[in-house]
Every structure is written in C-alpha cells, then in structure tokens.
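Engineer: This is the structure I want to talk about, given as structure tokens.
The values are calculated or read from the model by the stated rules, or taken from the named source; none is laboratory data. Since the structure is predicted, the reported quantities are computational estimates derived from the model, not experimental observations. Note that each Cβ is placed from the backbone with ideal geometry, even for glycine, and that neighbours are counted across all protein chains shown. Heavy atoms of the whole protein, side chains included, go into the accessibility calculation; ligands, DNA and RNA do not. Shrake-Rupley method; radii C 1.70, N 1.55, O 1.52, S 1.80 Å.
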Amino acid sequence: MTLLEILKNNDKSEIENEISKRFAKNMEFFQQTSPRLFDTLKTPPSEYNLLFDEKGLNIINLKNQQLTYPCDENGHQMVRVCEDLAHSPVSNAKWKIHTNHIYLDKMDTSKLPITGAACNQFIDLLHKHGGIKEYYLSHSFLPTTTIFGLLGGLFLEFIRERGVFFHSLLIFEENVDIFRVSCYFVDYCELFNATSPKSCYIFVKDLIDKFFIRNFFAQKKITNNFLRLELKLYASPKIDAAQKVIEEEYASNARGWGSFEDEMIGVDNSFKNIAFKTLKNPVLSLPKRVNAPICVVGNGASLDGLLPFIKSNQNKMIIFSCGTALKPLKAYGITPDFQIEIERIDYLLDVLQDAPLGDTPLICGNMVNPSVLDFAKEAYIFMRGGSASGYLGCSKSVIEYSAPFVGNAGFALACQLGSEVLMCGLDCGYIEGFGKHASDSFYGKESFALPASAMVVRGNFDKNVYSDSIFLLSMHQITQAIKTFGPKMALNLGEGAYIQGARPTRAEEFDLAKINKKKIIKQIKSYFRKNPKEVFTDVREDLYTGELSDFKDEIIEIFKTSVSTKREVFALIDRVNLACVKKSSTSPFVGILLEGSLAHMCQSLMIACLHLPNDMIGGFYEDAKLVIWEALDKMMFKYRLRALMQPV
C-alpha cells in the first residue's frame with residue numbers, strides 16, 4: 001500500500017506506524033551515506049515539527065504555533081495540497097519549466113557543414129515519424145528537476161510512489177527541522193534508486209559550494225542542459241540565493257561546447273603556425289614568475305575610467321592588451337608591452353592594422369590566423385588550453401582557463417607570469433547605462449542593451465551589473481585561474497562584475513613600486529623557445545589519426561545500444577558524454593576535437609525525441625543513429641585528409 005493510500009485511510013495507528021518506520025529507515029540511510037546530516041537530524045527540533053492530531057497532518061511553527069498548511073472544517077489540508085502538487089509536474093502550473101533558450105531550429109550548414117547537416121536531419125526525421133509541436137514525456141519519467149523548499153516533502157513521495165524516475169534531481173531545504181519532517185514521509189533510499197546514478201543532490205541548510213552545483217549540471221552536460229523542471233514552495237533570502245546560483249550554473253553550462261568545424265580551423269592554423277619540426281615563432285615553455293605586476297586590459301566599458309591610471313603607471317607594470325582593447329589604449333597614448341590574441345577569425349588582421357599594432361610584440365594562441373603572425377614584427381605563441389589544437393604535440397606548457405574571451409587568455413597568462421595581476425576593463429558583464437565596450441574601440445559608439453537572457457550579478461563596486469551565459473563562463477574561468485595558478489594578489493579595478501578571488505580595488509587606493517621594465521620584458525620573452533624539443537613531448541607521426549579512429553569506433557559502439565524509450569535516449573546520451581569527458585581527460589586533442597559536435601548532435605537528437613507524440617521512439621532512434629554515424633565518418637575523413645598534408 002502506498003503512503004497516499006495509508007494517509008487517506010485515516011487510521012491513526014497505521015499512519016503512526018508507517019511514518020515511524022520511514023523515519024527510522026531514513027536515519028539508518030543517512031547514518032551510512034551522510035554522517036554529518038545524521039548527527040544534525042538527531043538533535044531535537046527547535047523551530048518546526050510534525051503535527052499529527054485528530055484533524056490530520058500538518059507542520060507547526062514551535063515559536064508562534066502557526067500552521068504551515070491550511071486547516072478548515074475538513075481538517076488539515078497538507079495531504080490534499082501535496083497531492084495537488086504531485087499531479088503531472090510537467091503540466092502543473094505550480095511547477096515551472098526552463099529550456100535554456102534552446103530550440104530545435106535548422107542550423108547554418110555553411111558554417112557547420114557536418115554538424116549542422118546532421119542536426120538538421122533530425123528535424124526532417126521528425127516529419128517522417130509524426131513529430132508534434134509540443135514536448136511529450138511519459139508520466140513515469142521527469143527530466144532535470146530542481147526543488148527549492150520541501151515543506152515536508154509529501155508531494156515528492158507521492159510522485160516517487162507512482163513509479164516516476166528522475167533523470168536528475170536537486171533539492172535545497174534551508175531549514176533542518178523542515179527536512180527532518182520530510183524524513184517521516186520521503187523514502188530517501190528509494191528516491192536515490194529512482195534517480196540516475198550519482199544524480200540526486202540534496203542540500204540541507206546551505207548550498208555548500210558552487211562546485212557541487214556546477215558538477216550537478218556538468219556530469220550530465222547535455223541532458224541537464226535543456227528541459228529543467230523547477231518547484232519553489234516558498235521564498236526566503238537563502239532560497240532566493242540558491243535559486244540564483246542554480247540559474248547561473250544552468251546558463252553557464254550551455255556555453256563553450258564548440259564544434260568539430262571550429263576546432264578544425266584551429267587545427268589547420270596550428271599546423272601552419274607550428275609545423276613541429278621547425279618553429280617559425282617561439283612557443284611558450286615552462287614559464288616562471290617575474291617580480292612585477294601585470295596589468296591585464298580588456299575592452300569592457302569600465303576601461304574608459306581606468307585609462308588615466310594605466311597611463312600614469314605604465315612604467316611600473318607590464319601591460320597585456322587583450323584583443324580590441326588595443327585601439328583605446330593607443331588612442332590614449334598608451335603603448336602596451338604585449339598584445340594578446342586568440343581569435344581564429346579572418347578579420348583579426350584588419351583589427352590589428354586599424355589599432356594599429358605597430359611595434360608591439362604579439363603573444364597569440366596557437367590557433368590564430370597565420371596572416372596575423374606574419375603581420376607582427378615580433379610574435380610569440382602559447383598553446384591555448386580548452387581547444388583541441390592546444391594539445392597537439394603535448395606541450396610542456398598549455399595555458400588553461402584561456403577561454404571564452406581573449407581577456408581570459410591574457411589573465412591566465414598573467415597569473416602564471418606575474419607576481420600580482422591587475423584587472424582593467426575585464427568587466428564580464430553589462431554595466432547599466434554603458435555600452436558593452438570601451439569608447440574609441442573597434443566597435444564604435446554603443447548604447448546600453450541587455451540580451452533577453454541577462455541576469456543581475458554582484459557588481460565589483462556600486463554599479464548595477466548584468467551577465468549572461470558567456471560572461472558567466474568567463475567569470476568562472478577567471479576564478480579558476482586564480483585558484484589554480486595562485487598569483488600573490490589579484491586586484492579588480494573595473495566597474496563590472498565582482499570576481500571571486502580578486503579584490504575590488506580603486507585605482508587611487510594603492511601605489512606601484514618602480515620596476516626594471518626592460519629587464520622584465522626580456523625575461524618574459526625568454527620563456528618562449530624555438531627548439532621543438534624544449535616545447536613538445538609527444539609529436540606523433542600519424543598525428544593522432546589512429547587514436548581518433550578508435551575513439552570514433554568507441555562512440556559508434558555506444559550508439560549500437562538498443563533504445564526504445566525517451567528515458568533510454570537520455571541514459572545513452574549520458575554515456576556518450578561520459579566517454580567524451582574521459583577521452584578529453586586522457587587525450588585532450590582527440591576528445592575535444594569530437595566532443596563539441598557530438599554534444600550538439602546528441603542535444604538535437606534529445607530535443608527531437610521529446611517532440612515525438614509517445615514514449616516508444618525505437619524506429620526514430622534507428623534512423624537517427626545512422627545520421628550520427630555518417631557525420632562521424634565525415635569528420636574522420638576530413639581530419640585524415642588534413643593530417644596527410646602535414647609533414648611531421
């Protein structure tokens with residue numbers, strides 16, 4: 001008999017016996033799985049407790065005797081309210097559905113000829129298999145689900161006892177007493193069993209660390225990126241803050257996927273820029289810290305107010321100009337010590353000519369257009385992490401956290417090269433009332449404009465600042481660079497977003513000591529080497545074609561798995577994602593080269609499946625997997641053809 005049936009029988013003895021057994025079982029479960037939570041739950045309630053009297057069940061505030069659920073002539077309404085909450089969550093107005101602003105639209109195949117064509121074919125297959133405009137999920141399966149506040153959790157147990165399986169589930173309950181009440185009802189052991197492995201996250205009292213939330217979305221990066229079902233039962237400062245963290249990490253998860261086509265541009269440029277046997281330009285290898293601050297200059301709107309500080313202190317620090325920050329710096333009479341670039345775009349040369357670059361030495365990622373290297377009077381290369389091409393040859397020094405913006409690359413370099421890092425114009429957001437970029441930059445005059453997906457974030461000072469998914473990713477990368485590389489100090493002088501790990505500092509709050517600038521610049525340049533043996537540790541004669549072919553076969557083998565339902569499609573996509581994560585960890589070049597396009601194809605496959613009118617999607621899947629196999633074969637052929645042209 002289910003809990004709902006027992007509660008509706010109104011047999012007080014039977015109810016007391018059932019909820020007591022459940023509480024004891026949960027305490028045993030938490031003693032084994034979370035001893036700290038177990039110890040907390042053993043303490044007597046001080047704010048809230050379960051009330052069970054002749055009128056039924058409720059939750060009572062021990063301080064003011066107020067009831068959490070209504071009570072009328074028919075008794076306490078806790079069971080009725082929770083039964084209503086548990087009814088069809090996907091179509092229940094009390095629940096909210098988020099979709100991360102992703103839609104099943106046809107892609108531009110001129111830019112993504114392989115990836116885009118495959119994703120577009122899923123739309124065509126939908127017509128063949130009777131697709132519908134709405135999403136359809138069976139009543140026994142729920143996508144990514146986030147719950148803020150349990151209020152006893154009866155509704156959750158009603159959902160679970162119906163046989164519902166959660167693809168992934170995150171629960172935040174700020175009050176320990178309220179969570180303790182839920183232990184009388186929710187069978188937490190069975191709830192974990194009714195959720196995908198390692199995908200049930202429960203936070204009591206506090207969201208311990210953003211890392212856990214980030215991991216919640218990242219471990220199922222593709223399937224957790226689309227439909228997200230949310231229930232918020234009450235508002236409070238902690239609940240609202242937790243909800244904001246979830247929204248930020250959910251949005252950030254949608255960025256930085258890349259594609260095979262984009263990666264191949266970087267690979268092709270890297271083959272031309274490096275050539276492995278003879279290095280035309282020196283490549284960074286095992287740098288050490290110089291005894292000087294490095295000022296990393298981005299082209300955010302707050303740069304305008306910091307130009308006087310940079311100019312008056314340019315002889316006391318090393319200046320890294322990032323991307324289009326070069327033009328406003330030059331216009332103000334400031335000559336950067338190094339210009340940082342990572343873009344693969346063809347018009348980057350025009351940007352540098354317009355600034356102009358002049359005699360400023362260029363430090364660029366391995367994937368930039370070769371014409372840029374040829375244009376610079378003095379050019380140096382670093383292997384940029386996060387892109388497949390950055391791991392060609394297994395360089396001794398790969399600069400991680402150098403995406404998505406060129407400012408991230410400049411900051412990551414500075415964290416490894418400088419004793420202190422100053423941030424100017426790395427706004428990581430939209431400052432209310434200002435354009436996106438500094439004045440006199442490549443982008444011209446801009447007005448304040450917010451994208452639809454923008455959200456409020458903490459400002460570095462007193463300005464109102466907004467961010468979106470790509471800026472959130474940039475903020476995260478800067479924070480990780482600080483944690484990983486550990487400069488003595490990171491100071492954020494800008495008016496943009498607050499960066500964790502960087503101290504908000506006004507330009508007038510400190511003075512810089514004199515440095516021997518020429519000596520330090522020479523020292524930085526000495527870390528770039530022209531001898532390939534001093535830079536690369538594993539230049540393979542087949543340029544990874546064998547390993548890439550084996551990985552392609554491994555992915556195809558996963559897709560050979562029999563799939564009949566939407567739940568099985570979600571599980572299969574998670575297997576593909578896990579295989580990509582493992583490959584990108586052990587062999588980054590091979591994994592990253594394919595994982596972006598695989599992610600886009602799997603996401604399009606998942607969304608297409610959701611538009612099928614019933615849960616049995618075996619026929620559609622059999623057609624769809626052939627599309628992915630064909631796309632992988634085309635990718636392999638294109639890479640093999642390019643590798644054959646490259647002398648090793």
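Engineer: Just going by the charge dipole of the chain, with Lys and Arg at +1 and Asp and Glu at -1 on Cβ, which of Met489, Ile520, Val351 is farthest out on the positive end?
Structural biologist: In the chain, that residue is Ile520.
Engineer: For the Cα atoms of the chain, what angle does the longest principal axis make with the long axis of helix 469-485, in degrees from 0 to 90, nearest 10?
Structural biologist: Approximately 70 degrees, to the nearest ten.
Engineer: OK, next. What is the antiparallel percent of DSSP beta bridges lying wholly in the chain, to the nearest 5?
Structural biologist: On the way: 23 of 69 bridges.
The antiparallel fraction comes to roughly 35 percent.
Engineer: Solvent-accessible area per residue for the stretch 5-103 at a 1.4 Å probe radius, Å²?
Structural biologist: On a per-residue basis, 62 Å².
Engineer: Normalising by the residue count of the stretch 451-581, find the relative contact order in percent from Cα pairs under 8 Å and 6+ residues apart.
Structural biologist: Relative contact order for the stretch 451-581 comes out at 16 percent.
Engineer: Angle check, please: helix 237-253 long axis (alpha carbons) against the longest principal axis of the chain (alpha carbons), in degrees 0 to 90, nearest 10.
Structural biologist: Helix 237-253 and the main axis of the chain meet at about 50 degrees.
Engineer: Compute the orientation-averaged projected area for the stretch 452-502 from the convex hull of its Cα atoms and round it to one decimal in nm². Can you show the working numbers first?
Structural biologist: On the way: hull surface 14.0 nm².
Approximately 3.5 nm², given one-decimal rounding.
Engineer: Further question: What is the diffusion coefficient of the stretch 47-159 in µm²/s, taking the Kirkwood radius over Cα pairs and the Stokes-Einstein relation at 20 °C with a viscosity of 1.002 mPa s?
Structural biologist: Using the Kirkwood radius from Cα pairs, D works out to 118 µm²/s.
Engineer: If I fit a long axis through the Cα atoms of helix 588-610 and take the longest principal axis of the Cα atoms of the chain, what angle between them do I get, 0 to 90°, rounded to 10?
Structural biologist: It works out to around 40 degrees.
Engineer: Expressed as cubic angstrom per residue, what is the convex hull volume of the alpha carbon set of the stretch 574-648? Provide the component values of the computation, followed by the final result.
Structural biologist: Numbers: hull volume 6.3 nm³, N = 75.
Value for the stretch 574-648: 84 Å³ per residue.
Engineer: So what is the relative contact order of the chain, in percent, for Cα pairs below 8 Å that sit 6 or more residues apart?
Structural biologist: Once divided by the residue count of the chain, the mean separation gives 16 percent.
Engineer: In addition: Run a plain Debye calculation on the stretch 160-239 (Cα atoms as equal point scatterers, no solvent) and give log10 I(q)/I(0) at q = 0.11, 0.17, 0.22 Å⁻¹, rounded to two decimals, same order as the q list.
Structural biologist: Each listed q maps to, in turn, -0.31, -0.78, -1.28.
Engineer: Taking all pairs of distinct Cα atoms, average 1/r, flip it, and tell me the Kirkwood hydrodynamic radius of the stretch 490-638 in Å to one decimal place.
Structural biologist: 20.0 Å
Engineer: Among Arg529, Arg22, what's the order by accessible area (1.4 angstrom probe), most exposed first?
Structural biologist: Listed by decreasing accessible area, they come as Arg529, Arg22.
Engineer: Could you compute Rg(Cα) / (2.2 N^0.38 Å) for the stretch 532-619, with N its residue count?
Structural biologist: That works out to 1.36 for the stretch 532-619.
Engineer: Provide Lys463, Lys634 ordered by accessible surface of protein heavy atoms (probe 1.4 Å), highest first.
Structural biologist: Listed by decreasing accessible area, they come as Lys634, Lys463.
Engineer: How big is the convex hull of the Cα atoms of the stretch 334-428, per residue, in Å³?
Structural biologist: Hull volume normalised by residue count: 113 Å³.
Engineer: OK, next. What accessible area per residue comes out for the stretch 228-357, rounded to a whole number of Å², with a 1.4 Å probe?
Structural biologist: 35 Å²
Engineer: Can you tell me, using C-alpha contacts under 8 Å and at least 6 residues apart, the relative contact order of the stretch 410-520 as a whole percent?
Structural biologist: Averaging sequence separation for qualifying contacts and normalising by length gives 32 percent for the stretch 410-520.
Engineer: While we're on this one: Add -39500 (n - 2.57) for each DSSP H run of 4 or more in the chain, then divide by its residues: what number comes out at 222 nm, to the nearest 500 deg cm²/dmol?
Structural biologist: Values: 23 runs with 279 residues, N = 648.
Roughly -13500 deg cm²/dmol at 222 nm, from the helical runs in the chain.
Engineer: Something else about it: If you take the alpha carbon radius of gyration of the stretch 234-296 and divide it by 2.2 N^0.38 Å, what ratio comes out, to two decimals?
Structural biologist: For the stretch 234-296, the normalised Cα radius of gyration comes out at 2.03.
Engineer: What value does the stretch 189-334 have for Rg/Rh, both radii from Cα atoms and Rh as Kirkwood defines it?
Structural biologist: Expressed as Rg/Rh, it is 1.12.
Engineer: Sticking with this structure for a sec: Quick one: ranking Trp629, Trp95 by accessible area, 1.4 Å probe, largest first, what do you get?
Structural biologist: Largest accessible area first, the list is Trp629, Trp95.
Engineer: Using the eigenvalues of the Cα gyration tensor, what equivalent ellipsoid semi-axes result for the chain when each is taken as the square root of five times the eigenvalue, whole Å, largest first?
Structural biologist: With the √(5λ) rule applied to the chain, the semi-axes are 50, 32, 21 Å.
Engineer: Would you mind working out the accessible area per residue for the stretch 108-153, using a 1.4 Å probe, and quoting it in Å²?
Structural biologist: 44 Å²
Engineer: Next up: Would you mind computing Rg(Cα) / (2.2 N^0.38 Å) for the stretch 432-532, counting N as its residues?
Structural biologist: 1.38
Engineer: Diagonalise the Cα gyration tensor of the stretch 256-387 and give the resulting equivalent ellipsoid semi-axes, square root of 5 times each eigenvalue, largest first, whole Å.
Structural biologist: 26, 17, 14
Engineer: Turning to a different aspect of this structure: Counting only protein heavy atoms, what percent of the accessible surface of the chain is carbon or sulfur at a 1.4 Å probe?
Structural biologist: In the chain, the share of accessible area belonging to carbon and sulfur is 51 percent.
Engineer: Still on this structure, please answer the following. Projected area of the stretch 99-214, taken from the Cα convex hull and averaged over every viewing direction, in nm²? Don't skip to the answer; put the middle values down first.
Structural biologist: Values: hull surface 39.9 nm².
That works out to 10.0 nm², a quarter of the Cα hull's surface.
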